[in-house]
Amino acid sequence: MTDNVMSKAATMEIPINSNGGTGALAEDDSLEQAAKLQWSLDEKVGSSRGTRDLQQVMVSGPNLNETSIVSGGYGGTAEGIIPTGSVKGPNMNHSTSSSSMTAEEETRGVAVEKYEAVKKWGLNTYKCTKQMISERFGRGSRTVDLELEAQIDVLRDTKRKYENVLRLAKALTNHFYNMVQTQHALGDTFADLSQKSPELRDEFGYNAETQKLLCKNGETLLGAINFFVSSINTLVNKTMEDTLMTIRMYENARLEFDAYRSDLEELSLGPRDAVTMARIEAAQEQFEVHKEKYERLRSDVTIKLKFLEENKVKVMHKQLLLFHNAISAYFAGNQQQLEETLKQFSIKLKPPGADKPSWLEEQ
C-alpha cells in the first residue's frame, strides 16, 4: 500500500501546462501541498481509517486529465478553480501583436507622408500666391527673359490667327459640301425629267451631265479641303498646344523661382542668429532646386519654339500650295489638273457612302 501511495504521489507531482504537456507552472502550489499531505497520511497507513482517508483524498484529488488547477485544498469550494485556458504563456500572442504593430506603423507612415505632402504643397502655394500678388501690384520683382517672352507672344498671336483660318476653312467645307449635295440632287432631277419629257430630253440631259461632272469635281475638291483642314487642325491643336503647355509649365516654374528667391532675400536681410541661419540654409536649398527647374524648362521652351517654327513653315508651305492648286483647278474646270493635285499630295478620296455607317453599326 505504501508503494501504491508513493506512486500516486509521484504521479501527482507531474505538472500539466495548458497544452497537456509537461512543464513547470510557477503558480501551481497545490501539487506540493498534495505531496506533503500524502507523506503525513503514510504514517497512518496501518490503520484502516487512515487508509480510507487516503483513498478519499486520492478520489477527491485533482484529475490530471482535466484542464483545471485547484488553488486551494482538495475537496474545497469551486471558488479556487481557475481554468487553465486562461493561463497563457507570455509569447502566445507575439505574432498577432507583431502583425498589428506592423500595420499600425505602416498606417502611421502613410499618414505622415500625406501630411508632409500637404504641408509642402500649402507652403509652396502660399509663397507663389504672395509673389503673384506682389508682381500684380508692382511691389515684387520678376525674372524676365525678353527674347523668350517675345517669341512666346508671337506664338500665341500666331495660334489665334491660325485658329481663325481653321474656323473659316471648316465653314467653307460645310458650305461646299451642301452645294455638292445640292448639285447631286439637281443632276438626278434633271436626269429623271430627261426621261419623262421627250420634248426637252436633250436640254435636261445636258444639264444633268453638267451637274454630275460638277458634283464629281466638287467631291475631289472636298477631299483636298478636308486634308487641308486636318493638317491645320493638327498643327494648331496638337503641335502648338504641346508647346504652349510646356510654356505654361515654364511660367509656373518662373513664378516659383521668383517666390523662393524673394523669400531668400528677405531672410538674408534679417538677423543672423542660429535659428535664422538654419532657415536661410533651408531656403537656399529650395532656391537652388527651383532655379534648376526654371532653367531646365526655359531650355525646353527654347528648343520647342525652334522646332515648332521649322515644322510650321514646312507644313504650311505644303498645305497652302495644295489649297491654291485645288481651288484654281476646280473653278477653271480642269478636272485633270485637280486629280493630279490630289495625286501630288498623296490624297486618297473615300468611295461614295464610305462615311455612312453600315447596317450592322446602325443596329
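The values are calculated or read from the model by the stated rules, or taken from the named source; none is laboratory data. These numbers come from a predicted model, not from an experiment. We place every Cβ from the backbone using ideal geometry, glycine too, and count neighbours over all the protein chains shown. Side chains are part of the model used for accessible areas, which takes the heavy atoms of the whole protein and leaves out ligands, DNA and RNA. Shrake-Rupley method; radii C 1.70, N 1.55, O 1.52, S 1.80 Å.
For the reader, a short list of remarks on this structure follows.
- Scanning the stretch 300-317 for residues that are charged (D, E, K, R) and more than 12 Å from Asp242 (Cβ to Cβ) returns Lys306, Glu309, Glu310, Lys312, Lys314.
- Test: residue in the stretch 123-136 that is among the β-branched types (Val, Ile, Thr), under 26 Å from Ser230 (Cα atoms) and surrounded by 12 or more Cβ atoms within 10 Å (Cβ to Cβ): no
- If you go through the stretch 270-292 and pick out every residue that is modelled with pLDDT of 85 or more, open to solvent by 50 Å² or more (accessible area, probe 1.4 Å) and of a type in the set (Val, Ile, Thr), you end up with 1.
- Conditions (1) open to solvent by less than 90 Å² (accessible area, probe 1.4 Å); (2) at pLDDT 90 or above; (3) under 37 Å from the mean Cα position of the chain (by Cα); number of the one not met by Phe176: (3)
- Residue ID - farthest from Met316 (Cα to Cα), chosen from residues in the stretch 236-269 that are over 29 Å from the mean Cα position of the chain (by Cα) and surrounded by 14 or more Cβ atoms within 10 Å (Cβ to Cβ): Leu267
- Residue among Ser134, Ser99, Ser95, Ser141 that alone is assigned to a helix (DSSP H, G or I) and at pLDDT 80 or above: Ser134
- Just one of the numbered conditions (1) in contact with a Lys or Arg (Cβ under 7 Å, 6 or more places away or on another chain); (2) under 30 Å from Ala171 (Cα atoms); (3) not aromatic (Phe, Trp, Tyr) is not true of Asn237: (1).
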